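The values are calculated or read from the model by the stated rules, or taken from the named source; none is laboratory data. Source: prediction; values computed, not measured. Virtual Cβ from ideal backbone geometry, glycine too; neighbours counted across all protein chains shown.
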Amino acid sequence: MTKRFEGTDTYVATEDLKIAVNAAVSLERPLLVKGEPGTGKTVLAQEIADALGAPLLQWHVKSTTKAQQGLYEYDAVARLRDSQLGDERVHDIANYIMQGKLWEAFEMDIRPVLLIDEIDKADIEFPNDLLLELDRMEFYVYETKETVVARERPIVVITSNNEKELPDAFLRRCFFHYISFPDEDTMREIVQVHHPDVQKRLVSEAMNVFYELRDVPGLKKKPSTSELLDWIKLLMVEDIPPEALRSGDSKDLIPPLYGALLKNEQDVHMLERLAFLNRRERN
């Protein structure tokens, strides 16, 4: 694949992110992307697929997900039931093997993008159990005694929210990139892409409040990029004027429609207390 990833019309990619993506593609190594929730890690895989004209397969990992599920699952219970019912399908064990996302990716004639999303949600053995398959791009199906080999080596994008450390052996096989939280200039570009018709003054005031909110010490969950975009959309829909975000010394007041930014009651109560204390100091 000769195309290079340069971002898309709907995704603002920093220069270091472009370099990381293209390096991982060239080296044929999985791209491990870490960063805060809401910084666009999951969306990145879709954008890479769109930019390179490749199909996308998504494997969203949960706490109960096992590596084997990405390869295949054998439904022994269904086969036993069918054998009791005299179903002819029981004579072909392949009827009871369900392909996982890796198998699907391996069988594609066009080089696909495979997203393994939030790998750190699974147990610590999950990444290690995929080492051989990701290295060799093949695996063995014991029930049918066949070896599945990738027709085209997929572009593998793996995301992590840093909830737990990943094994060193796994990390050595990846090309790593950390998506830093966007600075104000990059954030303005992101907002412009998603909300091209928004007033510049509203964006300026909203971003001031947003970054000040992120800087509040002790905040349990800092608002993310996606939450800023949702908040600005709400401000536009509700026709909230820019001056309502900052009236006089209201730097200490909770912003309007704060539910788009603050997602737990502890943070709301903490800001309410700070606002109360600041008002007392002024009086």
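Here is a yes/no grid of residues against (1) at pLDDT 85 or above; (2) among the hydroxyl-bearing types (S, T, Y); (3) within 29 Å of Q192 (Cβ to Cβ):
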| site | (1), (2), (3) |
| --- | --- |
| S226 | yes, yes, yes |
| P242 | yes, no, yes |
| S247 | no, yes, yes |
| P255 | no, no, yes |
| G259 | yes, no, yes |
| H269 | no, no, no |
| E272 | no, no, no |
| R280 | no, no, no |
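When region 59-73 is examined, which residues are found to be among the β-branched types (V, I, T) and surrounded by 14 or more Cβ atoms within 10 Å (Cβ to Cβ)?
Result: V61, T65.
If you scan region 21-60, which residues turn out to be within 27 Å of H195 (Cβ to Cβ) and hydrophobic (A, V, I, L, M, F, W, C)?
Matches in region 21-60: V21, V33, V43, L44, A45, I48, A49, A51, L52, L56.
Looking only at region 127-151, which residues are in a helix (DSSP H, G or I) and touching a helix residue (DSSP H, G or I) at 6+ places or on another chain (Cβ under 7 Å)?
Answer for region 127-151, where residues must be in a helix (DSSP H, G or I) and touching a helix residue (DSSP H, G or I) at 6+ places or on another chain (Cβ under 7 Å): P127, N128, L131, E133.
Residue by residue, here is whether (1) modelled with pLDDT of 90 or more; (2) over 20 Å from K34 (Cα atoms) holds:
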site	(1), (2)
Y96	no, yes
G100	yes, yes
K121	yes, no
Y140	yes, yes
D185	yes, yes
V191	yes, yes
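All but one of (1) in contact with a Lys or Arg (Cβ under 8 Å, 6 or more places away or on another chain); (2) within 22 Å of D120 (Cα to Cα); (3) surrounded by 20 or more Cβ atoms within 10 Å (Cβ to Cβ); (4) of a type outside the set (V, I, T) hold for K34; which doesn't?
Failed condition: (3).
What number of residues within region 4-35 satisfy the criterion of being outside any helix (DSSP H, G or I) and free of Cβ contacts under 8 Å to residues at least 24 places away in the same chain?
1
What is the number of the single condition among (1) under 30 Å from P37 (Cβ atoms); (2) outside any loop (DSSP other than H, G, I, E, B); (3) at pLDDT below 95; (4) β-branched (V, I, T) that I158 does not meet?
That leaves (3) as the condition not met.
How many residues does region 159-184 contain that are free of Cβ contacts under 8 Å to residues at least 12 places away in the same chain and either surrounded by 16 or more Cβ atoms within 10 Å (Cβ to Cβ) or among the hydroxyl-bearing types (S, T, Y) (or both)?
The number of residues fulfilling the criteria is 0.
Which one is nearest to I158 (Cα to Cα) among residues in region 7-40 that are among the charged types (D, E, K, R) and at pLDDT 90 or above?
Step by step, filter region 7-40, then rank; the result is K34.
Does E47 meet the test of being of a type in the set (D, E, K, R) and more than 23 Å from E163 (Cβ to Cβ)?
Criteria met by E47.
Just one of the numbered conditions (1) in a helix (DSSP H, G or I); (2) more than 28 Å from E133 (Cβ to Cβ) is not true of G38; which one?
It is condition (1) that G38 fails.
Within region 242-249, identify whether any single residue is part of a helix (DSSP H, G or I), touching a helix residue (DSSP H, G or I) at 6+ places or on another chain (Cβ under 7 Å) and either within 19 Å of D185 (Cα to Cα) or not small (G, A, S) (or both), and answer yes or no.
yes
Taking the condition touching a residue at least 40 places away in the same chain (Cβ under 8 Å) and either over 26 Å from the mean Cα position of the chain (by Cα) or buried (at least 16 other Cβ atoms within 10 Å of the Cβ) (or both), does K121 pass?
yes
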